[in-house]
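Readers should treat all values here as calculations from the given coordinates under stated rules, not as data from a laboratory. Here the structure is a predicted model, which means the values were calculated and not measured. Using ideal geometry, Cβ is built from the backbone for each residue, glycine included, and neighbour counts are taken over all protein chains shown.
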Amino acid sequence: MESTEIRQIILSELPVGARLLVRSKTDWRCAVLSKIDTEKATLIVCSPSGRTYRLRRLIGTELTFDGSIPILKIASEENWRDNCAKYDFRW
């Protein structure tokens, strides 16, 4: 069995434009880091309806990695693959 290395970094260590996974109320969604200020970072989150919205998080917020996929850390140990948002890929 291959062991996976668990890396942890903070949000401010990602470059602007980096993609990551974020937990919403109902599911996991794709997000893009759009801006880093002195205290907060702005994420643009894609919703399954095609719209986007912004989230602001502290720059010290921890991230974990699943392979090479950065994930905004949450309190529970939920697997993002079980409840990932379904996007319309027709376009």
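Using 0.36 nm per residue, how much length does the chain from K35 to D66 gain when fully extended, once their Cα-Cα distance is taken away?
Computed gain between K35 and D66 is 8.8 nm.
Could you pull out the GluC sites (Glu not before Pro) across region 1-82 that fall in loop regions by DSSP (anything but H, G, I, E, B) with no more than 11 other Cβ atoms inside 10 Å?
E2, E5, E39, E77, E78
If R0 is 25 Å, what FRET efficiency do you get for L58 and N79 from their C-beta distance, rounded to 0.05?
For L58 and N79, the calculated efficiency is 0.50.
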